[in-house]
Amino acid sequence: MIHANNPAPTPRNADILRSAALAVIAALTLTAQTAPSPPAGTCAAGVGVQILGSGGPIAESDRAGSSAIVWIDGAAAILVDTGSGAFLRYAQSGARFEDHRAIAFTHFHADHVADLAAVLNSGGFSDRTEPLTIMGPTGSADFPGLNAHLQALFHPQSGAFRYLSGYLDGSAGKAKLLPIEVAADAVPAPWVDTKTGAKITAIPVQHGIVPALAYLIEVQGKSIVFAGDQNEFSEEFVAFLEDRKPDLLIVHNVIPEGPGQPRGLHRPPKQLGVMAAAINPKLLVLSHNMKRALDRHTEGEAAIRKSYKGPMRIAGDLDCFPLG
Ligand SMILES: [Zn+2]
């Protein structure tokens, strides 16, 4: 029986349906080719590092500002920086706020920290009430340190986002933040997570007038170094990690080699190579990729290679580096 309002497809209708189906398949294929690679699968087992934001600070590409997750056994355990644009990548990564063991900030330039409030705002919709360790450098006359930064955002009377002040005292069902301010002049004892055994060592680095830290993260026999933003005068950092042979050394790729480039905040490629050769990682990852550096990458790579001969990769947003 054929219902009047449900006619059998005529040849013309069938053609239209076939074209529509092909269009959908084509659209899905295009999506699969152009969407960022799905992340959580490759970082789900053991220890892995996922770069959330591989760019910044200029809005000049589809790269978010600096941010990364250290995944431990399928959990987004440690968040290192939450730069501008990281919020969207955080969602795409499949990270769950409930799984964080610590958030670690290298310094308080906006391209490393601007999305903190957005991540916490999102986390406020989760069931998490467990306190959350958060670490970052002390301040200076020019830059508020971690505690002052958190107060500026969340102080119940004066904070810009005072409606999230529960993150300071654990009220309103929020996860209380447990700040650890690290003086940017000596390597303190590591912080150890009692649940995962992850050990985080903050290492002061030189970043112009900005108090700044690098991080060594060790867990399950793997080690990862986030070099943060640093100039070539960060000698104590190199001395502390000399021939440490970490599984990953993640560095900024911000300025091209050669004269006429801004100096004082970052290592040029040649100095990235000197640092990498001294630390001797199993893989050097270039992140915080600025267009000006990528545009002259051939020259930059040659400068790095003068000292460092080991494996090297340029990170993209959501790239995962599984360490087993
Ligand atoms: Zn910076």
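The values are calculated or read from the model by the stated rules, or taken from the named source; none is laboratory data. Predicted model, so just to flag it, every value in this text is computed and none were measured. We place every Cβ from the backbone using ideal geometry, glycine too, and count neighbours over all the protein chains shown.
Of the residues 183, 189, 227, 198, the single one that is under 24 Å from residue 245 (Cβ atoms), free of Cβ contacts under 8 Å to residues at least 60 places away in the same chain and more than 16 Å from the ligand (Cβ to nearest atom) is 189.
No other residue among 260, 264, 221 is closer than 29 Å to residue 316 by Cβ, more than 16 Å from the ligand (Cβ to nearest atom), modelled with pLDDT under 95 and not aromatic (Phe, Trp, Tyr) apart from 260.
With respect to residue 107, is the statement that it is within 21 Å of residue 219 (Cα to Cα) and touching a helix residue (DSSP H, G or I) at 6+ places or on another chain (Cβ under 9 Å) true? No: the conditions fail for residue 107. Looking at residue 276, is it within 16 Å of the ligand (Cβ to nearest atom), part of a helix (DSSP H, G or I) and either touching a Phe, Trp or Tyr at 6+ places or on another chain (Cβ under 7 Å) or aliphatic (A, V, I, L, M) (or both)? Here the answer is no, as residue 276 does not meet what is asked.
Listed here are the residues, each with its yes/no results for (1) within 15 Å of the ligand (Cβ to nearest atom); (2) under 14 Å from the mean Cα position of the chain (by Cα).
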| site | (1), (2) |
| --- | --- |
| 71 | no, yes |
| 74 | no, no |
| 77 | no, yes |
| 81 | yes, yes |
| 88 | no, yes |
| 93 | no, yes |
| 96 | no, no |
| 114 | yes, yes |
| 119 | no, yes |
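Selection over region 201-218 of residues that are surrounded by fewer than 23 Cβ atoms within 10 Å (Cβ to Cβ), part of a strand (DSSP E or B) and within 13 Å of the ligand (Cβ to nearest atom) gives a count of 1. Once region 140-178 is narrowed to residues that are of a type outside the set (D, E, K, R) and touching a His at 6+ places or on another chain (Cβ under 9 Å), the residue that is farthest from residue 117 (Cα to Cα) is 143. Residue 208 meets all of the listed conditions (1) modelled with pLDDT of 95 or more; (2) more than 20 Å from the chain's Cα centre (by Cα); (3) not polar (S, T, N, Q) but one, namely (1). Beta carbons closer than 6 Å, at least 6 apart along the sequence or on distinct chains, never pair a first residue in region 268-289 that is touching a residue at least 60 places away in the same chain (Cβ under 8 Å) and among the acidic types (Asp, Glu) with a second that is buried (at least 24 other Cβ atoms within 10 Å of the Cβ) and in a strand (DSSP E or B). Which number in (1) assigned to a helix (DSSP H, G or I); (2) surrounded by 15 or more Cβ atoms within 10 Å (Cβ to Cβ) marks the one condition that residue 163 misses? Unmet condition: (2).
Give the residues of region 122-149 that are part of a helix (DSSP H, G or I) and either within 16 Å of the ligand (Cβ to nearest atom) or within 18 Å of the chain's Cα centre (by Cα) (or both), sorted by residue number. Outline the logic, then answer.
So the first thing to find is which residues in region 122-149 are part of a helix (DSSP H, G or I), and the list is 122-123, 146-149.
Correct list: 122, 123, 146, 149.
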